[in-house]
Amino acid sequence: MTFVFVKLSDGGGLPNGGRNTGDALVAGARSVGIPVGGYHYAQASPSPEAQADVLIGEVRRLGATGCVPMLDLEDNPPGSGTPNIPDSRKRDFSIRFCNRVAGHGFRPGIYMNNSLAKMLRPDQFGVSNLVIWIARYGAKPDPAAGRYDIHQYSDAGHVPGIRASAVDLNESYTNAHLTGGGAAPKRKATTELMERRTIPASPSVTSVRLFLSGSETAAIIVRPRVDGDGITDAPVWQGNIYAWGSDKVGVGGNPTQTPGFNPKTVSHRRYHLPGAVWADFEYSSNVEFEIDIVG
């Protein structure tokens, strides 16, 4: 899992009348070092500018800035009684919303299904650096839908650590969805397992040195011995991660410096350490566990 999007706003307010915000989901993604962004479910009112303001307010409040803010353009479920944005207005609504997001200093993004993308062609909106995310299950988006950066290929996935009946799954084909990504699409860098190390149990805090690739995709994945639901009864308690590059300069990525960090690790956690050639990992655990070194 290399990125997460969380629903943060709906129409002129928060999801479910404000009773269910994305606070916990954003904090959870950030605590394990996964870039997270917010998306907004579009409604017929208020204005697209007002709705964009709501999303950006939540993005800033939660620090969900690892991925670009997204507009979710789709109709409400049948029988909901909530009016939809007419097809004749969807293009104008989208352009105005995305331009407002850009006006706040964020790169804008838009999500829609394959059929709507073929009708609207978001790659022809004229919005600068627009990130495009298309949903089509069972096949890649139709060429007639135009350019896209992310493909949502399933709404029935399961992810260790997420207790839900189903999770949407996506594949990114460029890095544009990540904050600060360049305008020109580029292929995602390949990530491969370099080594899987078994880390001995240690009830007291200890440190182990790990050697990484020094690449931009360098990372470690902490792997407690989980059961069938992706959770362990024998957590790893994590401390500092001090990582250095080949020039012996720290590369950052220490999770203990992240607001809301939870040292109790009950499922797999990934820590992205771009440019790191070695890292010192502090931990305590009553049982042995594994660490994957990838790059």
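The values are calculated or read from the model by the stated rules, or taken from the named source; none is laboratory data. None of these values were measured; they are calculated from a predicted model. Reconstructed Cβ throughout: ideal geometry from the backbone, glycine too, with neighbour counts over all protein chains shown.
Here are some notes:
- Of all residues making up region 260-278, the number that are out of contact with any Gly (no Cβ under 8 Å at 6 or more places or on another chain) and buried (at least 20 other Cβ atoms within 10 Å of the Cβ): 1
- Residues of region 2-15 that are assigned to a loop (DSSP other than H, G, I, E, B) and touching a Pro at 6+ places or on another chain (Cβ under 9 Å): 2, 3, 11, 12.
- Scanning region 210-229 for residues that are within 16 Å of residue 253 (Cβ to Cβ), in a loop (DSSP other than H, G, I, E, B) and at pLDDT 85 or above turns up 212, 218.
- Residue check: residue 242 meets all listed conditions (1) within 23 Å of the chain's Cα centre (by Cα); (2) under 29 Å from residue 24 (Cβ atoms); (3) assigned to a strand (DSSP E or B) but one, namely (1).
- Considered as a group, the residues in region 79-129 that are small (Gly, Ala, Ser) and not in a loop (DSSP other than H, G, I, E, B) include one that is nearest to residue 149 (Cα to Cα), and that residue is 109.
- Conditions (1) surrounded by fewer than 20 Cβ atoms within 10 Å (Cβ to Cβ); (2) over 20 Å from the mean Cα position of the chain (by Cα); number of the one not met by residue 51: (1)
- Residue within region 236-254 that is of a type in the set (A, V, I, L, M, F, W, C) and in contact (Cβ under 8 Å) with a residue 60 or more places away in the chain present: no
- Cross-chain or 6+ apart pairs with Cβ under 7 Å, region 256-280 first and over 13 Å from residue 243 (Cβ atoms), then of a type in the set (Gly, Ala, Ser) and in a strand (DSSP E or B): 263/239; 270/219
- Pairs are defined by a Cβ separation below 9 Å, a sequence spacing of at least 6 or placement on different chains, a first member in region 16-38 that is of a type in the set (D, E, K, R), and a second member that is in a helix (DSSP H, G or I); the pairs so defined are 23/61; 23/62; 30/62.
- Residues (part of a loop (DSSP other than H, G, I, E, B), over 22 Å from residue 65 (Cβ atoms) and modelled with pLDDT of 90 or more) located in region 164-209: 200, 201
- Any hit, region 16-34, residues being closer than 18 Å to residue 177 by Cα, in contact with a helix residue (DSSP H, G or I) (Cβ under 7 Å, 6 or more places away or on another chain) and in a loop (DSSP other than H, G, I, E, B): yes
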